[in-house]
1. If you count, for each residue, the other Cβ atoms within 10 Å and average over each peptide, how do 452-465, 616-629 line up from highest to lowest?
2. For Lys182, list the lysines whose Cα falls under 19 Å from its own Cα; do not include residues on the same chain fewer than 8 positions away.
3. So which aspartates and glutamates can Lys456 reach, going by Cα to Cα under 18 Å and dropping same-chain residues fewer than 8 places off?
4. Normalised by the empirical 2.2 N^0.38 Å for globular proteins, what value does the Cα Rg of the range 340-508 take?
5. Just to confirm my numbers, what's the Cα centroid distance between the range 695-762 and the range 414-462 in Å?
6. Around Ile290, under 9 Å between beta carbons, what's the net of Lys plus Arg minus Asp minus Glu among the other residues?
7. Going down the table (Lys206/Lys226; Lys237/Lys270; Lys566/Lys738; Lys587/Lys755; Lys494/Lys706), which pairs top 30 Å between alpha carbons?
8. How high is the FRET efficiency from Ser649 to Val299, r the C-beta distance, R0 60 Å, rounded to 0.05?
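The values are calculated or read from the model by the stated rules, or taken from the named source; none is laboratory data. Computed from a predicted model, the values in this text were never measured in an experiment. No Cβ is skipped: glycine too gets one built from the backbone with ideal geometry, and neighbour counts run over all protein chains shown. The accessibility values were calculated without ligands, DNA or RNA, using every heavy atom of the protein model including side chains. Shrake-Rupley method; radii C 1.70, N 1.55, O 1.52, S 1.80 Å.
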Amino acid sequence: MTKNYSLQSIEGKIISLDDKIESISSSIARYRDISDFSDVSDVIPVLLDKGESLFDGMFQSIIQNLDIISSSEEEASFNLILENTSDAVIELDDENTIIHVNSACLSIFDYREFELVGKSIYDIIITSYHKSFDEKSSKLAIINSNEHEIKKSDIDVFRGITKNGKVKSFESFSTSIMRDSKKIKLVIIRDLTYNKSLMDELKESKNNYDALSETIAEVIIRIDEKYKIIFANSAVKQVFGYEREELINKDFKILFPISEFTRYENEFLKYFYVDFKDRTEMGLKKVVEILGKNKNRGVSPMEMSFGNAKDISGRTLTCIIRDISSRKNIERKLKQLAFHDKLTSLGNRELFDTEMKVFFADLENNSDINGALFFLDLDGFKKINDTFGHHAGDELLIQTAKRLRSTLRDNDAVYRFGGDEFVILLRNIRKKSEASIVAGNVLNEIRRPYTLKYSKGTPSVNIGVSIGISLIPESGNNIDTVTKNADIAMYRAKETGKNRFVFYSKKLGVSAHERWDMEQGMKLAITNGEIDMFYQPIVDENRSVKGFEALIRWFHPSRGYIPPDKYIPIAEETGFIIPMSNWILEKSCRGLKKINSFPWGKNIYVSINLSAKQFDHKDIVSNIESVIKRTGVNPSNLRLELTETSIMSAPERISSIMEEIKSKHNGIKFVVDDFGTGYSSLSYLTELPVDSLKIDLSFVTKLFQKNNQKIVNSILNLSESLELEVVAEGIEEMEQSKYFTDRNCNSLQGYLFSKAQSLKDLKKSY
Ligand code: C2E
Ligand code: MG
Ligand code: MG
């Protein structure tokens, strides 16, 4: 029997061996979890176990060629092959004495031929491997041409020793052939040393993998397509309460509540096949949030991501699982902070918006649901705050929050919008009368006396509440409308005597809406920069500027210029005048500072309008003090205007505050604005710490009508005797100006001289 073989064919195998080495890199990935091995050679049996051999192809090639040596003529050719292969080929006699070696063997073991021939094979195998070599070689079968499949179990791994004592790892295959009717043992040996670096890499990679999988807090579990767990790291103990060994071969499902797993089962299957990069396109999440089940502790939220691979036994899925309970807790806390009022722990406006959206969405889907929105504003809260201080005010708000909560059903909601404003959402209200009952209960609860720690000896305090009610959907079918209408109804409750509730109805009128719009608009105007301070000059008889009156200017983006008379009274009613006035003070003092820095402006004053509402709070004193400090203005150039009517609303209190301000800031002056309209007795002026009077514009405009000149004259005379300066405002004509200068009134303000101008224009004009 002649077979065609050639060196070429063996080299071909050698080349394919390189491919094999290539492929081990991918094997590394698959065998990352092989049990720990202490020596390079230990890797090999593991690989073989897994059905892979580095060299099976190589051995196969030599073996395939062995069986063709059926005649002596072919022996020469066989020798040629042996001489050209890189594997050691050793012929042994029955006693295991080496009788022939090829050149590869000599170079691998570093012997010369005569040194090796005659030695025992055991001389080149280290002792601990003798036994296994014996076992393998005793089972030697004679190669027969029909049977040259090498079984994995035939391949041995041993440690050999070279002439100069170097220990190396080898893979070997032993067989026997018949030559000249003599049985000859043949050992084919492959030096594994040149694969050492590859093995080192494999080992290092495994070590890294082990270290990583054991140090990270995440659970790593690999499962097969039947959800059988084939690998688990030790983090499973912490997260799922199981030992890793306990989980091997168990069903992955035991780690989740059944219903939860069923919900995700189909999706999990997809992860086996869809690679990470393709997931988004396939509509798969990169990370899945799922409830996991701890053996002992019950259920907690987990986050899971996946990596898939193809193993010899099929596809596997590596699941990285993280317990996210603490993150969820932090998220919950952050949400609590972002959506709740710090003082009372009630929901804030943000939460209100979010929950109202849900409420309206449900309302759309279910026409049976109705609701009511209450807008609450406490009556008399400010007084408590002013009398007993902020601590008492805070205490009262906290108690109010509790009272409101306790009056309501569980599915109703209370929010605090800030200050003493609360909002209640009643879900499932069928009739107006039901809302009335709840409103009545709320009124009663708030009317009950409050006992406060900070009420400075006063055993109990009383407040009330004004409630505006929007029925939903009757009074609006969106968040903005129902809120606005409840707010409008609340104003009406205040207007009509406080401590009561009022349902919104269209009858509350257009003006209420306008007022509401105006208030919202004002709040936005300041933040949007639509509001500015302008300055109108006050001149002397020679038209030289003595000072300016600071006047607010609002340029609405769509409505154009809105005069202050339209919104100042509303701001006063709603309390917005306070933050607004602080803004005005700050801005005007900065204006004054600027004017004083102009070459002509050193001693020029600025007169700022105050509101009586500002005098409701003692804060006015400290506000003025801090604004003067902050802006660095000279108090002698600062004037504060208060209308006669506002002074007369609480003359004693206001004048004592004026005194306090004057005592703190040397040179600061008070001006009585719109003088002549307040019907105050002129002699009362002597009691007030004022420096100047501004004759109301109406007397000036109609100066030449009826008795107006008489009034003006008596004001001028009186002021002269009281040594008060008089300013005439509203001067539009020369005659008016002359009338005043003729009577020694030398502070004139009016369109005749100039309208109010921006700081920029003013700089250019003078
Ligand atoms: P007021 O304090 O008596 O201010 C004088 C008003 O008369 C200003 O109106 C001014 O523009 C106007 N005026 C001045 N000269 C003439 C004139 O020759 N003819 C006519 N017809 N009017 C003249 P404005 O700016 O519309 O302010 C109206 C009122 O709004 C002010 O009366 C004041 O009570 C209030 N206001 C204006 N700015 C402020 C502010 O910054 N704070 C406060 N609290 N109130 C302000
Ligand atoms: Mg004024
Ligand atoms: Mg005035």
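1. Values: 452-465: 14.5, 616-629: 16.3.
Highest to lowest by the protection proxy: 616-629, 452-465.
2. Lys139
3. Lys456 reaches Asp386, Asp394, Glu395.
4. Details: Rg = 15.8 Å, N = 169, 2.2 N^0.38 = 15.5 Å.
For the range 340-508, the normalised Cα radius of gyration comes out at 1.02.
5. The two parts, judged by their Cα centres, are 52 Å apart.
6. Details: positive: Arg263; negative: Glu260, Glu289, Glu303.
Charge balance in the 9 Å sphere: -2.
7. Working: Lys206/Lys226 26 Å; Lys237/Lys270 27 Å; Lys566/Lys738 32 Å; Lys587/Lys755 19 Å; Lys494/Lys706 41 Å.
Violating the 30 Å limit, Cα to Cα: Lys566/Lys738; Lys494/Lys706.
8. Details: r = 65 Å, r/R0 = 1.08.
Efficiency, rounded to the nearest 0.05: 0.40.
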